[in-house]
Amino acid sequence: MVNRDSENASNVTWFVNASLGGAPDQFARFLDEGRWENGDEPKHLELAQSMRPGDRIAVKSCYTRKRGLPFDSRGQAVSVMAIKAAGTILENFDGGRRVRVAWEKNEPVREWFFYTHRGAVWRVTPGEWTADALIAFTFEGRPQDIERFRNAPYWKERFGSTAHEKRRFEWTKFYEAFADKLLTYRHNRAVLVDGIREISSRVHGLGHLTQDQYPDETKGFVRDICPFTTMGLFNRGLRDTNRRTIADELQKFLGMDETVPDSFEGIPLLNNMLSSRGGPCRRAY
């Protein structure tokens with residue numbers, strides 16, 4: 001728990017990284033020297049200049065995790081923010097590039113879930129329940145109400161306590177896994193196109209891929225394809241049975257572990273007339 005002088009009390013809190021601009025982690029040095037440094041990062045400087053004596057500050061580290069969580073994540077990655085130390089700003093000097101801090105190190109590190117921020121400098125003020133909970137967790141030692149966060153609208157479909165048969169949007173895990181696998185073809189899209197061409201010879205609903213127009217004004221099967229068009233192969237105005245068949249064939253080709261969803265509820269559909277070209281492949285990956 002961080003104690004503050006009531007005369008210098010402030011509602012503003014800061015969550016900062018201990019490594020900026022790709023530099024090595026400076027956490028140990030910051031604690032030893034009683035400071036935090038913004039360095040010469042212009043994009044963070046304006047925020048750092050607004051830090052004031054009395055503001056509370058914490059060193060954070062963000063990552064994702066699927067296992068070893070205090071709740072069932074159903075195999076999905078959860079955003080985690082480790083609070084490594086917390087303290088009170090005593091002085092802001094060198095034009096916002098450095099602040100002097102009375103630190104208290106967390107031993108062990110305390111982990112906070114769901115409501116996180118990867119940016120190097122995060123200004124958090126009270127008012128919203130999510131922010132109030134984070135501030136109380138970090139600076140007052142209160143536990144996180146994980147059930148409330150799990151069942152909040154933003155996280156409910158993935159992590160909420162709703163019975164499995166009543167959950168919607170079960171396709172999210174499949175789409176995440178599909179995107180990860182698709183990324184492996186970023187520099188080898190000819191193999192991807194060949195695989196899709198072979199699938200199209202056996203599966204209905206992919207005839208539009210044969211209408212790509214070449215520079216010589218002839219037409220034929222697409223020669224290149226962007227990730228959005230690839231995922232769009234089963235996101236077009238087709239029957240769900242056809243969509244699942246195409247998704248299943250692509251899943252096998254990509255070597256995915258995730259199963260094809262039973263429902264595509266809530267996913268916007270591509271216009272069939274606008275989904276016949278490979279798209280801007282090089283920029284899209």
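The values are calculated or read from the model by the stated rules, or taken from the named source; none is laboratory data. The model shown is predicted, which means the values in this text are computed figures rather than measured ones. Cβ coordinates were reconstructed from backbone atoms using ideal geometry, including for glycine residues, and neighbour counts include every protein chain displayed.
Residue pairs whose Cβ atoms lie under 6 Å apart, sitting 6 or more positions apart in sequence or on different chains, and linking a residue in region 244-258 that is over 15 Å from Thr229 (Cα atoms) to a partner that is outside any loop (DSSP other than H, G, I, E, B), are Glu249/Ile199; Phe253/Gly195; Leu254/Lys181; Met256/Ala177; Met256/Lys181; Glu258/Lys173; Glu258/Phe174; Glu258/Ala177.
Output the residue which, of all residues in region 38-71 that are in a loop (DSSP other than H, G, I, E, B) and in contact (Cβ under 8 Å) with a residue 60 or more places away in the chain, is surrounded by the fewest Cβ atoms within 10 Å (Cβ to Cβ). Looking at residues that are in a loop (DSSP other than H, G, I, E, B) and in contact (Cβ under 8 Å) with a residue 60 or more places away in the chain, I get Pro70.
Cβ-Cβ contacts under 6 Å between residues 6 or more apart (or on different chains), taken from a first residue in region 210-228 that is under 13 Å from Asp194 (Cα atoms) to a second residue that is of a type in the set (A, V, I, L, M, F, W, C), are listed as Thr210/Phe221; Phe221/Leu209; Val222/Leu209; Asp224/Cys281; Ile225/Val193. I'm checking my understanding of the structure. Among residues of region 78-117 that are part of a loop (DSSP other than H, G, I, E, B) and touching a helix residue (DSSP H, G or I) at 6+ places or on another chain (Cβ under 8 Å), which one is farthest from Gln144 (Cα to Cα)? Among those residues, the one meeting the criterion is Arg97.
Condition check ((1) farther than 14 Å from Arg35 by Cβ; (2) outside the structural domain of Tyr154 (by TED's automatic domain parsing); (3) not aromatic (Phe, Trp, Tyr)) across all residues:
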position	(1), (2), (3)
Asp72	yes, no, yes
Met81	yes, no, yes
Asp94	no, no, yes
Val99	no, no, yes
Phe113	yes, no, no
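I'm checking my understanding of the structure. Among residues of region 186-228 that are small (Gly, Ala, Ser) and assigned to a loop (DSSP other than H, G, I, E, B), which one is nearest to Ala247 (Cα to Cα)?
Among them, the one singled out is Gly205.
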